[in-house]
Every structure is written in C-alpha cells, then in structure tokens.
Amino acid sequence: MSSDKIQIETRLDLPDLGSGHDLRRILSSALKSHTALQPAGESLLQAFWPAAHFNLDRVAVYRDAPEEERELILKECSCDTLEEAYYIEKCGIYFASKMCLLSESVQERMLYSLFGADETVHFSWISRYVSTEAAADFIHNPFIELLDDLLRDQDKITLTYVIQVILEGWGISHYRALSKDCNDAGLVEVFDHIIKDEARHHSSGLVLFNERRLSHDQIESLVEVLSRLFLMVRVGPQSIVSKVERVRGHLSRAQKIKIFQEMECEQETAGKLQTLKSLIRSAGYAEPIFDALDRAGAFKPFSAAECAAVSV
C-alpha cells in the first residue's frame, strides 16, 4: 500500500445511536469538556436567513407569492444550507481521521487529531439545527458526493490541497456570509467559532502542501478535481430556484431564465469564482493549476440561459 494513499469507506449514512444509549451520555460529557458553547437549536424548521441572503428579494415570482409560500421557500432554503453544513462537518471528521493515518511526523498527526476534535464539535453544533431524518436525502447532493469520492479514493496531496487549501479556505468566507446574515444568535455564535477553526485548518494545509514537490500527473489530477468542483459553482444557485419551483409550481424555461437574471447569477457566481481564484494563487504550483483551469473555461460562470438549461 502506498504511504500517501489509503482507501476507506466513509459511510456518511451511518445510523445514529438511540437517544438512551450509554455511549451518547459519555459523548455528551466529552463534548462539554471541549467547548462551553451549547447552542439551543430549538427550532429545526425555520427561516434562519432573510430573502436578501438568497437574493430572493430581487425575484418577482417570489415577491408575488403569498406570505406563507414565501416563508416556506425561505425555510427550505435554510434547511438546505444547514444540511450542507451538516454533511461538510461530518466529512471533516472522516478527513481528519484519514489524514491522521497518513501523517508523516508526530506533530502532523497531533494536529490532525486536534482537527478531528474540532470537526466533531462543529458537527455536534450543527446537528442541533438539523433533523437527521430530513437530512438523509441530502447525502445525494452532488457536492457531498464529490467530497465522499475524495475522502474515499484520493491521496494525501489531493486531500491537503482540495480540502484544506481550497475548500476550508472558501469555507471561511462562506461561514462569514452565513454569520453576517443569520437571524439566530446561537447559530451566529456557532459560525463565528467554526470560522476561527477553519482558519487554522486552512493555514496548516498551505504549509503542508507548499512543502511537497508535485509531478505533472499530480497537477493534472488536482486540475481534474477542481474542474468538477468549479462546475458546481458555475451553474449558479440551482437549489434556490428548485425550492421556488417546488413551492410555487412548475416554471417554464423562460421563467427560470428570468429568475436567474433577477438573482444576478452571473455576477454572484463570478464573485465566488474570484474567491476560488485567490485561493489557488495563495498556494504553490499556482501558475500551472490556474492556467490549466483557465484554458478549460473553469472560471467562466454560466449565463442565466445556461443556468436555466441545466435546471432540473
């Protein structure tokens, strides 16, 4: 077996133990010893973010909807946001475990062990705001499936770069936006704590990646993975439009184009891609990776018409 690659089964759909299981009591005690923050998470289905956070305030078909439908759309968008965070933090636990086994020094192994504890605490916090049963289907989300593929199959260099340098770097700005617009004080505190931990995870990824010498094939492999990731960004806010359609009823292609235009999807997506570009430039091998992605059109956001064309 290669020293920088271990294949694992992530099993993101592992069942939860029953509420009365003794191990839950011990886990609860252990989590309390790691953090004093105990968010309430009392309401699992509420609109934690206003319409403006999702750019829905610009969308006529949303503004014209009855109040109860507008509220339902916001609740479903909030659920999607939290379910994504739920699986990202669950993936973080598995990532830290795998990287601990792949570590090449005592200090590196210690660091990833601590990161695993961070991700466990993050997952515990987010879980308070998510229904496990309701979140079960989100495991089939394309982004979560990509993370699952990476964690299961990829080598240490790819995981360090894609997870720590790119995704945890992007996670800092993502969680900042969630914190800034969130209307729940407990959840804001959760995001603010996660941001601090993500910054440490990201900076250590830069240190570890920049120490490595990459072959041409390894660079090509990174470009291939990033192309898959960037495509998910380039297609715009598909999940938000799907929530509008689910609540408001069937939308024609022309209506979807109008919604994507009203949401200014190209400009919004261009901003996200710019953040990803800056993360590429922050690490080693920036020029060959950036140039290969640029040639492949990975930095070009979809137009409103293109977003509508791939909308399901």
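Identify, please: which residue in segment 118-145 is surrounded by fewer than 17 Cβ atoms within 10 Å (Cβ to Cβ) and of a type in the set (A, V, I, L, M) and is, among those, modelled with the lowest pLDDT?
Residue satisfying both the conditions and the ranking: Ala134.
Kindly indicate whether Ala65 is farther than 26 Å from Leu146 by Cα and either part of a helix (DSSP H, G or I) or among the hydrophobic types (A, V, I, L, M, F, W, C) (or both).
yes
Out of all the residues in segment 283-302, which are surrounded by 15 or more Cβ atoms within 10 Å (Cβ to Cβ) and among the basic types (Lys, Arg)?
Lys300
With respect to the numbered conditions (1) closer than 19 Å to Val165 by Cβ; (2) touching a Lys or Arg at 6+ places or on another chain (Cβ under 9 Å); (3) surrounded by 17 or more Cβ atoms within 10 Å (Cβ to Cβ), which one is the sole condition not fulfilled by Leu206?
(2)
Does any residue of segment 288-304 turn out to be among the basic types (Lys, Arg) and within 16 Å of Leu226 (Cα to Cα)?
Scanning segment 288-304, I find at least one residue that is among the basic types (Lys, Arg) and within 16 Å of Leu226 (Cα to Cα), so the answer is yes.
What pairs come up if the first residue lies in segment 237-263 and is closer than 13 Å to Ala308 by Cβ and surrounded by 20 or more Cβ atoms within 10 Å (Cβ to Cβ), the second is among the polar types (S, T, N, Q) and at pLDDT 95 or above, and their beta carbons are under 6 Å apart, counting only those six or more places apart or on different chains?
Taking only residues 6 or more apart or on different chains, the pairs are Met263/Asn55.
What pairs can you find where one residue is in segment 9-30 and touching a residue at least 60 places away in the same chain (Cβ under 8 Å), the other is of a type in the set (Phe, Trp, Tyr) and surrounded by 10 or more Cβ atoms within 10 Å (Cβ to Cβ), and their Cβ atoms are less than 9 Å apart, with a gap of 6+ or different chains?
Matching pairs, first to second residue: Thr10/Tyr94; Leu12/Tyr87; Leu12/Tyr94.
Taking segment 45-98 as the region of interest, how many residues are over 21 Å from Tyr129 (Cα atoms), within 19 Å of the chain's Cα centre (by Cα) and of a type in the set (A, V, I, L, M, F, W, C)?
The total comes to 2.
Among the helices (runs of 4 or more DSSP H) confined wholly to segment 96-213, which include 3 or more residues that are among the polar types (S, T, N, Q)?
Here the list reads 106-127, 185-210.
Residues in segment 241-281 that are touching a Gly at 6+ places or on another chain (Cβ under 7 Å) and either over 27 Å from Ser203 (Cβ atoms) or of a type outside the set (A, V, I, L, M, F, W, C) (or both): how many? Reasoning before the result, please.
Here is the first cut: in segment 241-281, the ones touching a Gly at 6+ places or on another chain (Cβ under 7 Å) are 260, 265, 269, 279.
If we keep only those that are either over 27 Å from Ser203 (Cβ atoms) or of a type outside the set (A, V, I, L, M, F, W, C) (or both) as well, we get 260, 265, 269.
Summing the residues that are touching a Gly at 6+ places or on another chain (Cβ under 7 Å) and either over 27 Å from Ser203 (Cβ atoms) or of a type outside the set (A, V, I, L, M, F, W, C) (or both) in segment 241-281 gives 3.
The values are calculated or read from the model by the stated rules, or taken from the named source; none is laboratory data. Note that this is a predicted model, so its numbers are computed, not measured. A quick note on method: Cβ atoms are made from the backbone with ideal geometry, for glycine too, and the neighbour counts reach across all protein chains shown.
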